[in-house]
Amino acid sequence: MSAYKGDSLHDWKKQWEANTTLVLEGWEKWIEEDLKEDADDLVIQNRLRDTVHKLKEEEEKRNETIVLIMMEIGRGIVPLEQPERRLRDLAGWLLQDATQASDDVQYVWHGLSRKIK
């Protein structure tokens, strides 16, 4: 599933076909959608954390694999605009929650992969 193709994060369970690997990409786009709908970062953070835990539970239940592709947007200069800072913070918290829930974490930069966990 891809936010870049217009897929909704809420449809992940319906779109996950049996005996396949579920790949989810475009998390920053899904966060941007949440930012438009909700003014409370804590509510968004908890909803994303719950989604990560539901993904993990379903992965274990099905004994299949889920791959989360997440961009690191927290490096460099901190944005001046509040919406951009909120996106950066929420994406960072999501990365931390996903890393904690994951069995395997790979950091990929310019095509080079390094195992983190």
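Observations, loosely collected:
- The range 17-32 residues that are within 14 Å of Ala98 (Cβ to Cβ) and open to solvent by 50 Å² or more (accessible area, probe 1.4 Å), paired with ones that are small (Gly, Ala, Ser) and outside any loop (DSSP other than H, G, I, E, B) (beta carbon under 6 Å, 6 or more apart): Glu25/Ser2
- The residue that is nearest to Leu35 (Cα to Cα), counting only those in the range 75-92 that are assigned to a helix (DSSP H, G or I) and open to solvent by 60 Å² or more (accessible area, probe 1.4 Å), is Pro83.
- Filtered by the rule that a residue be under 18 Å from Asp38 (Cα atoms) and either open to solvent by less than 40 Å² (accessible area, probe 1.4 Å) or among the charged types (D, E, K, R) (or both), the range 93-117 gives a lone residue, Leu94.
- Criterion applied to Asp38, Asp7 was being at pLDDT below 95 and either under 17 Å from the mean Cα position of the chain (by Cα) or surrounded by 10 or more Cβ atoms within 10 Å (Cβ to Cβ) (or both), and the one residue passing it is Asp38.
- Residues in the range 24-50 that are of a type outside the set (D, E, K, R), assigned to a helix (DSSP H, G or I) and out of contact with any Leu (no Cβ under 7 Å at 6 or more places or on another chain): Leu42, Val43, Asn46.
- Any hit, the range 51-74, residues being open to solvent by 90 Å² or more (accessible area, probe 1.4 Å), in contact with a helix residue (DSSP H, G or I) (Cβ under 7 Å, 6 or more places away or on another chain) and in a loop (DSSP other than H, G, I, E, B): yes
- Scan of the range 57-116 for residues that are without any contact (Cβ under 8 Å) to a residue 24 or more places away in the chain, under 30 Å from Asn19 (Cβ atoms) and among the aliphatic types (A, V, I, L, M), ordered by number: Val105, Val108, Ile116
The values are calculated or read from the model by the stated rules, or taken from the named source; none is laboratory data. Owing to the predicted nature of the structure, the values given are computational and were not obtained by experimental measurement. Note that we place each Cβ from the backbone using ideal geometry, even for glycine, and neighbour counts take in every protein chain shown. Heavy atoms of the whole protein, side chains included, go into the accessibility calculation; ligands, DNA and RNA do not. Shrake-Rupley method; radii C 1.70, N 1.55, O 1.52, S 1.80 Å.
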